[in-house]
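Have a look at the structure below before the remarks.
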Amino acid sequence: MKKAFYFLIIALFLACVKAKHYDKPAPLYVLDGVVVSTIDTISPASIASISVIKDEKAIAKYGQKGKHGVIEITTKDE
């Protein structure tokens, strides 16, 4: 149930970003502490948690790279 929920949250967030800000840069994706260019290859079953960081908090934590928001994804330890 949680896996499907996380996948739905990501899909909805990306749909909103694409619909409202199609011509603007995407948020910064951070997978297990490493900046990645895309999250297309992440299996929803491997996701342990997702955090969305916006505005000043994202910039404070990630600098100017985080100015469009940050999606932090932590995977399960296997």
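The values are calculated or read from the model by the stated rules, or taken from the named source; none is laboratory data. Here the structure is a predicted model, which is why all the values come from computation and not from measurement. Cβ: placed from backbone, ideal geometry, glycine included. Neighbour counts: every protein chain shown.
Cβ separations smaller than 6 Å between residues 6+ apart or across chains give the following pairs from segment 52-78 residues that are in contact (Cβ under 8 Å) with a residue 60 or more places away in the chain to residues that are assigned to a loop (DSSP other than H, G, I, E, B): 71/27.
Among the residues making up segment 26-76, those that are of a type in the set (Asp, Glu) and within 19 Å of residue 5 (Cα to Cα) are 40, 72. Assessment of segment 50-59 against the conditions (under 13 Å from the mean Cα position of the chain (by Cα), modelled with pLDDT of 90 or more, hydrophobic (A, V, I, L, M, F, W, C) and part of a helix (DSSP H, G or I)) yields at least one matching residue. Taken over segment 24-49, the criterion of being surrounded by 11 or more Cβ atoms within 10 Å (Cβ to Cβ) and either among the polar types (S, T, N, Q) or part of a strand (DSSP E or B) (or both) is satisfied by 28, 29, 30, 31, 35, 36, 46, 47, 48, 49.
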